[in-house]
1. Quick check, is T342 open to solvent by less than 60 Å² (accessible area, probe 1.4 Å), within 18 Å of I224 (Cα to Cα) and β-branched (V, I, T)?
2. Being of a type in the set (S, T, N, Q), more than 19 Å from the chain's Cα centre (by Cα) and part of a strand (DSSP E or B): is that true of S219 here?
3. Considering only the stretch 244-272, how many residues are of a type in the set (V, I, T) and assigned to a loop (DSSP other than H, G, I, E, B)?
4. Can you tell me how many residues in the stretch 319-339 are surrounded by 15 or more Cβ atoms within 10 Å (Cβ to Cβ), part of a loop (DSSP other than H, G, I, E, B) and in contact with a strand residue (DSSP E or B) (Cβ under 6 Å, 6 or more places away or on another chain)?
5. Between a residue in the stretch 127-149 that is under 28 Å from N48 (Cα atoms) and assigned to a loop (DSSP other than H, G, I, E, B) and any residue that is of a type in the set (V, I, T) and open to solvent by less than 10 Å² (accessible area, probe 1.4 Å), which pairs come within a Cβ distance under 8 Å, given they are 6 or more apart or on different chains?
6. Would the stretch 43-62 turn up any residue that is modelled with pLDDT under 95 and hydrophobic (A, V, I, L, M, F, W, C)?
7. Taking the options R139, R110, name whichever one is open to solvent by 10 Å² or more (accessible area, probe 1.4 Å), more than 22 Å from the chain's Cα centre (by Cα) and modelled with pLDDT of 95 or more.
8. State which residue pairs qualify: first residue of a type in the set (V, I, T) and inside the stretch 317-339, second residue open to solvent by 50 Å² or more (accessible area, probe 1.4 Å) and not in a helix (DSSP H, G or I) in any location, beta carbons under 8 Å apart, and separation of 6 or more residues or different chains.
Amino acid sequence: MILRLLCTALLGLTFLAVFRAQGAAGLRKSAFGKMKDGQPVGLYTLTNTGGMEVAITNYGGVVVSIKAPDRSGKFADVVLGFDTFDAYLNNTPFFGALVGRYGNRIAKARFTLDGHEYHLAANDNGNTLHGGLKGFDKRLWNAKDVSTKEVPALELTYLSKDGEQGFPGNLSVTVTYSLTPKNELKIDYAATTDKDTVLNLTNHSYFNLAGQGEGDILSHLMMINGDRFTPVDATLIPTGELKSVAGTPLDFRKPTAIGARIDADDQQIKFGRGYDHNFVLNRKGGELILAARVTEPSSGRVLEVLTTQPGLQFYTGNFLDGTIHGKVGKVYPRRSAFCMETQRFPDSPNQPQFPTTVLKPGKHFQSTTVFRFSTVK
């Protein structure tokens, strides 16, 4: 009898393992918390047929978790974040956030468009960072399940009203997260406006391919498909120059350990306290291209970033300091994660030589970014 029970239990565990590895794709919703005014906040978990899971909340479009397999098939959560909604309500470093209306920095919190100077909310040494004091990452988005049979997908929509954080125009934004059978998290951004405005949308997930809270990311091997970058001043605002990466610590054209040159005696490294720089991607036209590839040697996990955008901000968690306790109580010290923010260039509204970020009425903004996960032996 005991032997029969043990066999039944083992068969049950085997079934669960097979179900996770070969289960049906889908999206499930659960309660995540409530806004201060009582509005409910949801958590939407996308699962593909291979068992990969991505959880997203409609508060700030935050990617709360990404569970991806290593070379032996063991799943781990590879993005920093929190277990509870209340933790996201505190002033966090944009963990997993959907960033807008303008991702990255705008110098002196102002820009001129159509002869009018707009003054924005300043939240970073007199500059505007990631949309201001209350950007898209701190807004409650409308959520809709737009899944197909094989691809679970979540559509988030938000109307950013004219004058919000100082930006002009009523901006209608749609962001769709899809999890493909190929272990790809695909993010499609779309927007329209009723008045000339500027726009730069991105995702601010903090990755550690060894697993969230599992040490630093200095041994990760990084390749960035960019021959040039945009140098910055001491406040991390671009100087306007497009500089070759050749001969600098920012040369990742060949796979290089993130930590190999992160403390180099270099002005740009000192300004960023590590890497916090926009790379000019090698591209022609607006097609989806490979922007970067990251490999974590111990787990064998690989992350490829593909995008239709012209730039990629590479950030190495330089301002994390160990005071934040994340999921399952993990501590997040300095350089315990990296970000790969696909984007237009920082401060483009004040840099006419950079790719434009202007969106006009009657025009449709659209961009796509793919985070593709795989493994190597």
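1. In short, yes.
2. It is false that S219 is of a type in the set (S, T, N, Q), more than 19 Å from the chain's Cα centre (by Cα) and part of a strand (DSSP E or B).
3. 3
4. Final tally of qualifying residues: 1.
5. Note: pairs meeting the criteria are W141/V175.
6. No - not one qualifying residue is present in the stretch 43-62.
7. It is R110.
8. I324/V331; V328/D83; V331/H325
The values are calculated or read from the model by the stated rules, or taken from the named source; none is laboratory data. What you see is a predicted model, and the numbers here were worked out from it, not measured in a lab. With ideal geometry, Cβ positions are generated from the backbone for all residues, glycine too; neighbour counts draw on all protein chains shown. Calculation scope for accessible area: heavy atoms of the full protein, side chains included, ligands and nucleic acids excluded. Shrake-Rupley method; radii C 1.70, N 1.55, O 1.52, S 1.80 Å.
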